[in-house]
Amino acid sequence: MLQAPSLLSLGACAVAAGVAAHVARRALLHRRSGTPALGFDAALARLSGSSVEDLILIVDFDRTLTDGDSAQCHDVIGATSLVPESLRAGFAPLLDFSDPAKVPYKGDAWWVRANELLLTHASRVLTPETVRRLVHEAPLFGTSTQPMQLRPGAARLLARLSELDVPVLIVSAGFADIIAAFLAARAVPLGSNVRVCSN
């Protein structure tokens, strides 16, 4: 059940983009000036004096919160018999990376084509029940060597951040409905502190 992003979701994405741009600018300024950027030890020392109210987590979903060998959101949709053959056939060339020279879409064109396919089929195919079944049955496909699964410790981290009411922004080029259903199926709390900024 894909929906248009809310203003809150768009705002969260804008904040994430702003934070990333700020970090990139600071790193560039440090390189140009010849002064060392804030190293790990210095960053850790600065954080040790912080409180929970100072924290926010911005994290990617596919192969960051999920294991590096996991199926990704697009893999799950492109490989399941729960969606029509026409959708799977459209996804097949997008998910075949066996010969990188023959990949029909590169860069942004890949995402544009994948989203066109989904938007064409989504309203009648990706119902909440289908999405729940997709994440439960998560097949192997594409470059994945295992079903979609969380990295060790990720569920504990998200649960603890929820207990502490630390804001969490999960960003992804995947699909918000699949991410939310996947986390819910694994009893990961999606409290008011968590936002998913995704397609």
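Three semi-axes describe the equivalent ellipsoid of the stretch 98-199; taken as square roots of 5 times the Cα gyration tensor eigenvalues and ordered largest first, they are 27, 16, 15 Å. By the gyration tensor of its Cα atoms, with a ≥ b ≥ c the square roots of the eigenvalues, what is the shape of the stretch 44-99: rounded for a/c under 1.5, prolate for a/b over b/c, or oblate? Verdict is prolate for the stretch 44-99. I want to verify the translational diffusion coefficient of the stretch 92-135 in µm²/s; compute it with Stokes-Einstein, Rh as the Kirkwood radius over Cα pairs, at 20 °C and 1.002 mPa s. Roughly 179 µm²/s, to the nearest whole number.
Read the figures in this text as sums done on the coordinates, not as results from a lab. Since the model is a prediction, treat every value here as computed from it, not as a measurement.
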